[in-house]
Amino acid sequence: MTYQNWLQYYNPYYRRLPEKEKERFLIRTLEFSSSKIFHFKDLEKEERIPLLISAAAVQLTFGLKEFRLDYFKNIYVLSQHYHYGLYNVPFEGHVSSDGIYLSWLNFDRAYADYTDGNNVGLHEMAHALTYVNFTVNEGRDEHFKSQFYTFTKTGRRIFNEMQAGRSNLLGEYAASDYNEFWAVSIEFFFERSLELQYELPDLYNDLVLLLNQDPLRPGVFIQPVD
Ligand SMILES: [Zn+2]
C-alpha cells in the first residue's frame, strides 16, 4: 500500500487517473525505478525519492510503448540546487551523457505546487526523452520519434515567433533555445493544460498526438497502449 499512498499523496497526475490506469502506472513506475541506479548526494536515501522521480518519467511517457528511457542507467539526486560546469546560474537539474541529475528540494517543491507551470522533474525527463530518441539509440519509441517531426513543425513556428520577440505563457526561458522550448512546453502541458490549450491550441494538440495522451482527459489514450 505504501507505494500507492505515496503516489496518491505526492503526484497529482496519478491522483486523477482511473483505478485501472493507476495500476498500470504503478507497475511502470516500479519497473522504471528498478532499471536505474539512484545515487544520493548530500541527502539521505529515502524510499519515496526513487519512486516519485520514476513517476515523473512514467507520467510523461504514459501513452508511449517505450517508457524506461533505457540509455540512462544512473540518476543522481542532489539535496538542492547546485553548480555545474562553467555556468554561473545554479541548476535544479540537467541531463548529460552520464545521467539524469535532479535537485530533490526543487523536485519536491515543483510537485507540491502543480499549477505554476514549473516542474523540474518533468522538464528533465523531457530532455531525457528526446535524448534517448535522437541522440543515442537505446530506448527509442517509434511513435514518438516519427510524430516528433510533426510536432516540431508547430513547435519551431512558435519558437521562431518567440525568438522574434512575441511573448506567450511559456515565458522567456522557452525562447532561449529549442530544447528548452520543448522541455518548458512539457511543464505547461501537464501543469497548466487548459491555459496552454487556450493560448497555443496547435501546440497543445500536437503534444497530445505526440505523447498519445491528454492531461485534460486522464486515462484516455488516442491510440491504445499496453
Ligand atoms: Zn532544460
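Just so you know, all these numbers are worked out from the coordinates, no wet-lab data involved. Note that the structure is a prediction, hence the values are computed from the model and not measured. Counting neighbours? That spans all protein chains shown, and the Cβs are built from the backbone with ideal geometry, glycine included.
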Query raised in the report: Once fully extended, how much extra length lies between Gln223 and Arg48, figured as 0.36 nm per residue of separation less the alpha-carbon to alpha-carbon distance?
Result: 59.9 nm
Requested in this report: Treating each Cα of the chain as an identical point scatterer and ignoring solvent, apply the Debye formula and state log10 I(q)/I(0) at q = 0.08, 0.11 Å⁻¹.
Outcome: -0.26, -0.51
Report summary line: Of all DSSP beta bridges having both residues in the chain, the percent classed as antiparallel (nearest 5) is 35
Report summary line: Taking a ≥ b ≥ c as the square roots of the eigenvalues of the Cα gyration tensor, with a/c under 1.5 meaning rounded and otherwise prolate when a/b exceeds b/c and oblate if not, segment 98-226 is rounded
Query raised in the report: Which length gain, in nm to one decimal place, applies between Tyr9 and Arg24 when the Cα-Cα distance is subtracted from 0.36 nm times their residue separation?
Result: 3.7 nm
Query - Estimated [θ] at 222 nm from DSSP helical runs (n ≥ 4, -39500 (n - 2.57)) normalised by residues in the chain, nearest 500 - result: -16000 deg cm²/dmol
Requested in this report: Can you tell me which of 207-216, 106-115 comes out highest on packing, and rank the rest after it, using the mean Cβ neighbours within 10 Å?
Outcome: 207-216, 106-115
Report summary line: Once the in-chain neighbours fewer than 8 apart are removed, the aspartates and glutamates whose Cα is under 15 Å from Lys22 read Glu31, Asp226
Report summary line: Going from the fewest other Cβ atoms within 10 Å to the most, one would list Glu138, Glu92, Glu19, Glu66 as Glu19, Glu138, Glu66, Glu92
Report summary line: Listed with the fewest Cβ neighbours within 10 Å leading, Lys65, Lys36 appear as Lys65, Lys36
**Report entry** Dipole moment magnitude, nearest 20 debye, segment 2-211 about Cα centre, only Lys, Arg, Asp, Glu C-beta charged
**Finding:** 440
Query raised in the report: Which FRET efficiency value, to the nearest 0.05, is calculated for Leu209 and Ser34 with the Förster distance at 30 angstrom and r the Cβ-Cβ distance?
Result: 0.45
Report summary line: Here segment 167-176 yields Karplus 3J(HN,Hα) values (6.51, -1.76, 1.60; θ = phi - 60°; whole Hz; Gly and Pro given as x) of 9, 8, 5, 5, x, 5, 4, 5, 7, 6
Query - Mean separation of Cα contacts under 8 Å, 6 or more apart, over the residue count of the chain: relative contact order % - result: 19
